[in-house]
């Protein structure tokens with residue numbers, strides 16, 4: 001076999017290998033997304049693929065564990081941003097993680113009797129249960145803006161691949177000035 005034919009055959013083999021690897025990578029990545037994030041046509045393929053490779057995002061989120069959320073009262077806008085967001089430099093900034101830890105500590109200060117059951121996918125869906133609920137004043141002891149003022153703490157649990165608000169409690173965070 002002459003040199004140009006060998007180079008052409010090598011390039012064709014390389015292109016075929018890279019294409020196959022990229023297809024496998026895309027299918028593997030798409031199949032690991034939660035059901036709420038995949039388009040309908042991909043659902044059957046995702047389910048079939050997960051029979052072969054059953055790892056899901058729940059591997060990283062400890063199914064059944066409770067996460068604390070914190071939202072601004074009224075519009076229920078989240079106080080924290082996803083850890084991998086651009087605001088957090090793709091996960092390189094640890095500031096948001098510190099905010100989440102601080103929120104969890106403050107949420108433990110809310111008495112059990114002040115939490116309202118919810119069982120709905122979003123805190124805004126719990127507004128009727130929070131109406132008239134007593135607001136707990138919590139000494140935040142921090143002077144930075146994210147955790148000051150009137151907020152709603154939530155206890156959220158991963159259920160069937162989607163987060164669900166189990167309970168919520170309004171609080172007034174009194175901050176050091």
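The values are calculated or read from the model by the stated rules, or taken from the named source; none is laboratory data. This is a predicted model, so every value here is computed, not measured. No Cβ is skipped: glycine too gets one built from the backbone with ideal geometry, and neighbour counts run over all protein chains shown.
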- Quick one: which residue in 80, 15, 8, 19 is at pLDDT 70 or above and touching a helix residue (DSSP H, G or I) at 6+ places or on another chain (Cβ under 9 Å)? 80
- Restricting to region 158-174, what's the tally of residues that are crowded, with 16+ Cβ neighbours inside 10 Å, at pLDDT below 90 and out of contact with any helix residue (DSSP H, G or I) (no Cβ under 6 Å at 6 or more places or on another chain)? 1
- Can you find a residue in region 102-122 that is over 23 Å from residue 33 (Cα atoms), within 14 Å of the chain's Cα centre (by Cα) and buried (at least 16 other Cβ atoms within 10 Å of the Cβ)? no
- Task: Kindly indicate whether any position in region 119-127 is at positive phi and in contact (Cβ under 8 Å) with a residue 60 or more places away in the chain.
- Result: no
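Listed residues 132, 90, 74; which is outside any loop (DSSP other than H, G, I, E, B) and exposed (fewer than 14 other Cβ atoms within 10 Å of the Cβ)?
Within the list 132, 90, 74, the selection yields 90.
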- Task: Answer yes if at least one residue in region 160-175 is within 30 Å of residue 47 (Cβ to Cβ) and not in a strand (DSSP E or B), and no otherwise.
- Result: yes
- Message: Which count do you get for residues in region 145-157 that are out of contact with any helix residue (DSSP H, G or I) (no Cβ under 7 Å at 6 or more places or on another chain) and touching a residue at least 24 places away in the same chain (Cβ under 8 Å)?
- Response: 7
- Residues (outside any strand (DSSP E or B) and surrounded by 15 or more Cβ atoms within 10 Å (Cβ to Cβ)) located in region 135-157: 135, 140, 142, 146, 147, 148
